[in-house]
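The values are calculated or read from the model by the stated rules, or taken from the named source; none is laboratory data. Note that the structure is a prediction, hence the values are computed from the model and not measured. Cβ sites come from the backbone with ideal geometry, for glycine too, and all protein chains shown count toward neighbours. Note: areas computed on protein heavy atoms with side chains; ligands, DNA, RNA excluded. Shrake-Rupley method; radii C 1.70, N 1.55, O 1.52, S 1.80 Å.
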Amino acid sequence: MHLNRNEEDILGGESGPVKQKAMEILVALGDIYGAERLVPIESAQIAGVSYKTIGDAGLEYLTSLTGSVVVPTMLNPMGIDRNKWQEMGVEESFVEKQLAIIARYESLGIDAQCTCTPYYVSVPRKKAHLSWSESSAVAYVNSVIGARTNREGGPSALAAALVGKTPEYGYHLGENRIPEISVKVDFPLAGADFGALGNVVGKILNSRVPQFSFVRPPSDDELKALGAGMAASGSVALFYAREVSKCRESLEVDYSDVDIYSPSDPDVVVLGCPHCSRSELVQIEQFLHGRAVRRPLWICVSRFVADHCRSLISQIEATGARVICDTCMIVSPTFESRTMTVNSGKALEYAPTMCNSQAFIETTKGCIDTACTA
Ligand code: F3S
């Protein structure tokens, strides 16, 4: 990979050992994937934030870092809501470690917005290069917004944030953004159906770039659910919601393939994977309106969206549901070893492996009906 003078200097250690190490990571990645150069990034987003997932080794690694990121950088969800961890039943020893992790990231100049929907906080520019690591956010910004990011790991996104650049390969290059397989869905879908579809087709597509043909154009919330499901059960990082070119391969989906819903009798119902948008909160409030929640119903949202939807959240919480920020059902210890009903193709995929929880999927309305039934 070709480096300019300044990049060579960083690699040589002139900006200190932390940036030198970061540059070594970027150069190693660039060499592995055949990148010709580094490109400047507009922002970074870093996964590997919950103490549940990175543990003491992660905290120790972060403690060894100094310096500052050079582009706006946000974090993925952590293991607690920083204001409601007691309600969530999280032990103090976990909270201490979790807050130490956040303090370390903040000391590097990182904005401790802990969300998998950073695009609600700040929308990237079309065609901007990014270094993001949350797989559902990667799928969303590549596909819905038209920015360009590979599916980074936490360390490579942090390295890119410290240097302000990423190796130019994969989805940063137009030639790799061409659809590879047409997926025909000729029956109507709505809401959570898109997460279920994503869960089903992600397993078939793996990392290929699909282009869909739908009966009607999906909403942005539906595309978010679709991308999250495909990114979790497969490793799709870019998709098109309409036909843009001829593909050699094709796939036809039947309604029976996507109908993976089942009635459930869970310990908890959890919505907001990925974190809810304002319009999803509006819909949840409509389904809850005038009802009382009879079993735990948790709704995950970014603190940014929550701060902009205070009265809506008060109405939701008046029914007995709890809205939590900074965290989610997969990375918080609160949801370990439970029976969980979700409306998300991603949470359905991860709950058994990452939470040792049995998971069921229902529509958003089905989830709320379940939560309101003892
Ligand atoms: Fe977000 Fe957690 Fe789902 S990070 S995408 S709510 S698994």
Exercise. Show the residues, 5+ positions off or on another chain, whose built amide H is closer than 5 Å to the amide H of residue 39.
Key: 166, 168
Practice problem: Return the FRET efficiency for the residue pair residue 314, residue 56: r is the Cβ-Cβ distance, R0 is 35 Å, and the value is rounded to the nearest 0.05. | Solution: 0.35
Practice problem: Taking the Cα centre of segment 178-258 as origin, work out the dipole magnitude from +1 charges on Lys and Arg Cβ and -1 charges on Asp and Glu Cβ, in debye rounded to 20. | Solution: 240 debye
Quiz item: Stokes-Einstein at 20 °C, 1.002 mPa s, Kirkwood radius from Cα pairs: D for segment 249-374 in µm² s⁻¹?
Solution: 144 µm²/s
Self-check item: Cβ-based net charge around residue 171, under 11 Å, with every Lys or Arg adding one and every Asp or Glu removing one
Solution: 0
Exercise. Over 32 Å, how big is the tail of the calculated P(r) for the chain, in percent of all Cα pairs?
Key: 32 percent
Self-check item: Rel. contact order, % - alpha carbon contacts under 8 angstrom, at least six apart, segment 268-371
Solution: 33 percent
Self-check item: For segment 239-248, Karplus couplings with θ = phi - 60° (6.51, -1.76, 1.60), whole Hz, Gly/Pro x
Solution: 8, 10, 8, 8, 6, 10, 7, 6, 10, 6
Exercise. Please pull out the direction-averaged projected area of segment 45-161, using the convex hull of its alpha-carbon atoms, in nm² to one decimal place.
Key: 7.0 nm²
Quiz prompt | Accessible area in the full protein assembly, largest first, 1.4 Å probe, for 15, 235, 277 | solution = 15, 235, 277
Self-check item: Helix-only mean residue ellipticity at 222 nm for the chain, each DSSP H run of n ≥ 4 adding -39500 (n - 2.57), per residue, nearest 500
Solution: -11500 deg cm²/dmol
Quiz prompt | For segment 1-88, Kirkwood radius (reciprocal of mean inverse C-alpha pair distance, Å) | solution = 15.4 Å
Quiz item: For segment 134-251, treating each Cα as an identical point scatterer without solvent, what Debye log10 I(q)/I(0) comes out at q = 0.15 1/Å?
Solution: -0.62
Quiz item: Using a Gaussian network model of the chain with C-alpha springs under 10 Å, which one of 204, 54, 32 is most mobile by mean-square fluctuation?
Solution: 32
Exercise. Determine ³J(HN,Hα), in whole Hz, for all residues of segment 250-255 in sequence, where each value follows from phi through the Karplus function 6.51 cos²θ - 1.76 cosθ + 1.60 and θ = phi - 60°; x replaces Gly and Pro.
Key: 9, 9, 10, 9, 9, 4
Self-check item: Dipole magnitude of the chain, debye to nearest 20 (Cβ charges: Lys/Arg +1, Asp/Glu -1, about Cα centre)
Solution: 560 debye
Practice problem: Tally up the carbon and sulfur contribution to the accessible surface of segment 268-371 as a whole percent, 1.4 Å probe, everything protein left in place. | Solution: 50 percent
Self-check item: HN-Hα J in Hz across segment 362-374 - Karplus 6.51, -1.76, 1.60, θ = phi - 60°, x for Gly and Pro
Solution: 9, 5, 4, 5, x, 4, 6, 4, 4, 5, 8, 10, 6
Quiz item: Which whole-number percent gives the relative contact order of the chain, counting Cα pairs below 8 Å spaced six or more residues apart?
Solution: 18 percent
Self-check item: Residue among 154, 16, 30 with the largest mean-square fluctuation in a Gaussian network model of the chain, springs linking Cα atoms under 10 Å
Solution: 16
Practice problem: Would you mind telling me the antiparallel percentage of the DSSP bridges in the chain, rounded to 5? | Solution: 10 percent
Quiz item: What ranking of 243, 285 comes out by heavy-atom accessible area, probe 1.4 Å, highest first?
Solution: 243, 285
Quiz item: If you roll a 1.4 Å probe over the heavy atoms of the protein chains, what accessible area per residue do you get for the chain, in Å²?
Solution: 41 Å²
Quiz item: Amide H of residue 212: which non-local residues (sequence gap of 5 or more, or other chain) have their own amide H closer than 5 Å, using H built in the peptide plane?
Solution: 183, 240, 241, 242
Quiz item: Roughly speaking, what is the centre-to-centre gap between segment 103-156 and segment 193-222 when only Cα atoms are used, to the nearest Å?
Solution: 21 Å
Quiz item: Which residue, 237, 100, 359, tops the fluctuation ranking in a GNM of the chain built on C-alpha contacts under 10 Å?
Solution: 100
